[in-house]
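Q: I have a structure here, written as structure tokens, and I will follow up with some questions on it.
The values are calculated or read from the model by the stated rules, or taken from the named source; none is laboratory data. Just so we're clear, the structure is a prediction, and the values are computed from it rather than from any experiment. Heads up, the Cβs are rebuilt from the backbone with ideal geometry, glycines too, and the neighbour counts pull from every protein chain shown. SASA here: full protein model, heavy atoms, side chains in, ligands and nucleic acids out. Shrake-Rupley method; radii C 1.70, N 1.55, O 1.52, S 1.80 Å.
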Amino acid sequence: MTMRRRMISRVLLLVAGLLVLAPPAVAQPRGQARPPAAAPSPESRRLLHALEDAFVAVADRATPSVVNVSVRLKREAPSEGPSPEMEERFREFFGPELYERFFRKRPPREEGRAAGSGVIVDPRGYILTNNHVVENAAEVEVQLSDDRKFKATLVGRDPRTDLAVLKIENGGSLPVADLGDSDTLRVGQWAIAIGNPFGLDRTVTVGIISATGRTHVGVATYEAFIQTDASINPGNSGGPLLNLDGRVVGINTAIVSSGQGIGFAIPISMARDIMTQLIARGRVVRGWLGVVIQDLTTELAAGFGVKEDAGVLVADVMKDGPAESAGLRPGDVIVQFGGAAIKDVTDLQKRVAAVEPGHPTPLTVVRDRQTVTLSVKVGEQPTDETTAAAEGGGDVLGLSVEPLTPETARQNRLSATRGLLVTDVAEGSPGEAAGIKPGDAIVEVNRRPVGDAAELKQIVGALKPGESVTVYLQRGGGRNEYVMLTAPGP
């Protein structure tokens, strides 16, 4: 007998032995009903009722503090159409039929509206919600759980965390939510969301905490989201996420539309700090280094002689910023800030933002594979409003710019080797008023060389309404010229 046959015989004998030893299966007689399942024990029923009572208690306790936020959006400025003279010439040349087709008067668009949720966090009438619910609001109305409606004022908003604070007046005795501690949350704990999804007032959903400290979600600049599978839908934004004690542990803010059971909430520890600053001064003050940073890849980490998850790479240092004053250089790898090890870009951003501006802070970098310790006097981060004014809606005072390269310099007949190439100038913008044209190279601003858009935005962002800066241009053919770029007046 071959080895293969002996092996097969042994397997068959083993299977036969198992069949002999196995207890015979009891066949269920045809048509006979299965015996009823055993009723839950009194102890099981008591535990189930206790859990049910806990959910009911949370809903009873927290629902009155949840509000419906209704927003009337700002009307978009109508686009400029052809002049009456051009319309009349078109009518004369092409006739009334084509004129009616191209220039017939359309009915005005309906006024835009948006809706979301909020939660009363202070008996004085302060309400916490999401920035994206109210950022384009011309008017905000809040409806309480007792159906009373109030006009709300915007106390302040922080796009970088997607939080905002509203206030209502003369609300009398208001139901206020209890704020919990999101820093002690554990994965697997119960999570209860309350909000107004699709206009369904004060809907309560239940799930668990799926994860904490989620980053790179793409919703805000500063992210450390609580992930939950408690159902969150459009309209839930700004509503509370609660624990089993009925305390707010997060502010619901986003969902993954392509998935199910994946929602995100801003931790209440972060929201509480932002809310306090917005109530106290209407804006959020954060620390700022003035650097462009990036995460380390495996290849970059090896090239700079550090571990992949141990630091962030400095790609650029802004002129006259805190980092430059401290001696930081492009190519440095920041491995410690304030005595704490730095893991990635998000980690450093949060730590720097938490430092009071003007406070000297130790900074450790790896430079040319050597450890260097510096002290940086942290500055104040420019606000989003300042940045928006500097960018002019995606550019800088109507100028779209990009770093000048040898190829683009040659294409535009420029001899400059460093600067910003103007690619577009918005009609009616301060850039057009200054006489700047596409193809020009911005070489200096206020007698300071500029090499990237961030530098230009920083300089222009510091301008007060009506203030001007000198801009040194190089134009095709080697012509150089100074112009004055003026920020819009108040």
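Q: Of all residues in the range 130-156, which are in contact with a Lys or Arg (Cβ under 8 Å, 6 or more places away or on another chain), touching a residue at least 40 places away in the same chain (Cβ under 8 Å) and surrounded by 22 or more Cβ atoms within 10 Å (Cβ to Cβ)?
A: Val134, Val140, Val142, Ala152
Q: Now for a separate question. Which one of Gly218, Gly250, Gly321 is free of Cβ contacts under 8 Å to residues at least 40 places away in the same chain and either within 24 Å of Lys343 (Cβ to Cβ) or β-branched (Val, Ile, Thr) (or both)?
A: Working: Gly250 fails: free of Cβ contacts under 8 Å to residues at least 40 places away in the same chain; Gly321 fails: free of Cβ contacts under 8 Å to residues at least 40 places away in the same chain.
It is Gly218.
Q: OK, next. Under 7 Å by Cβ, and 6 or more places apart or on different chains, what pairs join a residue from the range 329-346 that is over 18 Å from Arg369 (Cβ atoms) with one that is of a type in the set (Asp, Glu)?
A: Partner pairs satisfying both residue conditions: Lys343/Asp309; Asp344/Asp295; Val345/Asp295; Thr346/Glu223.
Q: Give, as residue ranges, the helices (runs of 4 or more DSSP H) completely inside the range 402-490 that count at least 3 residues that are surrounded by 14 or more Cβ atoms within 10 Å (Cβ to Cβ). Before the answer, list the steps.
A: Values: elements: 406-411, 430-433, 453-461.
The qualifying helices (runs of 4 or more DSSP H) are 430-433, 453-461.
Q: Which one is farthest from Ala57 (Cα to Cα) among residues in the range 157-188 that are in contact (Cβ under 8 Å) with a residue 24 or more places away in the chain and in a helix (DSSP H, G or I)?
A: If we take residues in the range 157-188 being in contact (Cβ under 8 Å) with a residue 24 or more places away in the chain and in a helix (DSSP H, G or I), then Asp183 is farthest from Ala57 (Cα to Cα).
Q: Is it true that some residue in the range 356-375 is touching a residue at least 40 places away in the same chain (Cβ under 8 Å), under 26 Å from Val217 (Cβ atoms) and either part of a strand (DSSP E or B) or within 27 Å of the chain's Cα centre (by Cα) (or both)?
A: Scanning the range 356-375, I find no residue that is touching a residue at least 40 places away in the same chain (Cβ under 8 Å), under 26 Å from Val217 (Cβ atoms) and either part of a strand (DSSP E or B) or within 27 Å of the chain's Cα centre (by Cα) (or both), so the answer is no.
Q: Residue under question is Leu289, and the condition is that it be closer than 26 Å to Lys464 by Cβ, modelled with pLDDT of 90 or more and open to solvent by less than 60 Å² (accessible area, probe 1.4 Å); does it hold? Walk me through it before giving the result.
A: Numbers: closer than 26 Å to Lys464 by Cβ: yes; modelled with pLDDT of 90 or more: yes; open to solvent by less than 60 Å² (accessible area, probe 1.4 Å): yes.
Judged against the criteria, Leu289 is a match.
Q: Restricted to the range 189-204, and to residues that are touching a strand residue (DSSP E or B) at 6+ places or on another chain (Cβ under 8 Å) and outside any strand (DSSP E or B), which residue is surrounded by the fewest Cβ atoms within 10 Å (Cβ to Cβ)? Quick ask: steps written out before the conclusion?
A: Our first condition is that a residue be touching a strand residue (DSSP E or B) at 6+ places or on another chain (Cβ under 8 Å); within the range 189-204, this holds for 189-197, 199, 201-204.
Those still in the list that are outside any strand (DSSP E or B) too: 189, 196-197, 199, 201-202.
Values: Gln189: 14, Asn196: 26, Pro197: 21, Gly199: 11, Asp201: 16, Arg202: 17.
Per the stated criteria, the residue is Gly199.
Q: Please go through the range 334-355 and pick out each residue that is within 24 Å of the chain's Cα centre (by Cα), at pLDDT 90 or above, outside any strand (DSSP E or B) and farther than 9 Å from Gly287 by Cα.
A: Listed by number, the residues that qualify are Ile342, Leu348.
Q: For Ala301, indicate whether it is open to solvent by 20 Å² or more (accessible area, probe 1.4 Å), without any contact (Cβ under 8 Å) to a residue 40 or more places away in the chain and either farther than 16 Å from Val372 by Cα or among the charged types (D, E, K, R) (or both).
A: Numbers: open to solvent by 20 Å² or more (accessible area, probe 1.4 Å): no; without any contact (Cβ under 8 Å) to a residue 40 or more places away in the chain: yes; either farther than 16 Å from Val372 by Cα or among the charged types (D, E, K, R) (or both): yes.
When the stated conditions are applied, Ala301 does not pass them.
Rundown of residues vs (1) open to solvent by less than 40 Å² (accessible area, probe 1.4 Å); (2) of a type outside the set (S, T, N, Q), yes/no style:
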residue	(1), (2)
Asp158	yes, yes
Thr161	yes, no
Gly180	yes, yes
Thr184	no, no
Ala211	yes, yes
Thr221	no, no
Ser231	no, no
Gly238	yes, yes
Val249	yes, yes
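Q: Can you pull out the residues in the range 251-261 that are open to solvent by 30 Å² or more (accessible area, probe 1.4 Å) and within 14 Å of His132 (Cβ to Cβ)?
A: Within the range 251-261, just Ile255 meets the criteria.
Q: Enumerate the strands (runs of 3 or more DSSP E) found wholly within the range 229-311, keeping only those where 2 or more residues are touching a helix residue (DSSP H, G or I) at 6+ places or on another chain (Cβ under 6 Å).
A: Details: elements: 240-242, 248-255, 263-267, 291-295.
Per the criteria, 248-255, 291-295.
Q: Further, regarding this structure: Return only the number of the condition from (1) of a type outside the set (D, E, K, R); (2) open to solvent by 10 Å² or more (accessible area, probe 1.4 Å); (3) more than 17 Å from Val119 (Cβ to Cβ) that Met275 does not satisfy.
A: (3)
Q: Just to be sure I understand, how many residues within the range 58-76 are open to solvent by 90 Å² or more (accessible area, probe 1.4 Å) and at pLDDT below 90? Give the derivation first.
A: Taking the range 58-76 and keeping what is open to solvent by 90 Å² or more (accessible area, probe 1.4 Å), we get 60-61, 74-76.
Now drop any that are not at pLDDT below 90, which leaves 74-76.
Here the count works out to 3.
Q: Could you grab me the full set of residues in the range 131-156 that are of a type in the set (A, V, I, L, M, F, W, C) and part of a loop (DSSP other than H, G, I, E, B)? Walk me through how you get there before you give the answer.
A: Taking the range 131-156 and keeping what is of a type in the set (A, V, I, L, M, F, W, C), we get 133-134, 137-138, 140, 142, 144, 150, 152, 154-155.
Leu144 - this is the single residue of the range 131-156 that is of a type in the set (A, V, I, L, M, F, W, C) and part of a loop (DSSP other than H, G, I, E, B).
Here's the yes/no breakdown for (1) more than 28 Å from Val460 (Cβ to Cβ); (2) crowded, with 19+ Cβ neighbours inside 10 Å:
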residue: Gly263; (1), (2): yes, yes
residue: Ser269; (1), (2): yes, no
residue: Asp295; (1), (2): yes, no
residue: His359; (1), (2): no, no
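Q: Which ones in the range 77-91 are modelled with pLDDT of 55 or more and open to solvent by 50 Å² or more (accessible area, probe 1.4 Å)? Walk me through how you get there before you give the answer.
A: Initially, the range 77-91 is screened for residues modelled with pLDDT of 55 or more, giving 84, 87-88, 91.
The answer is Pro84, Glu88, Arg91.
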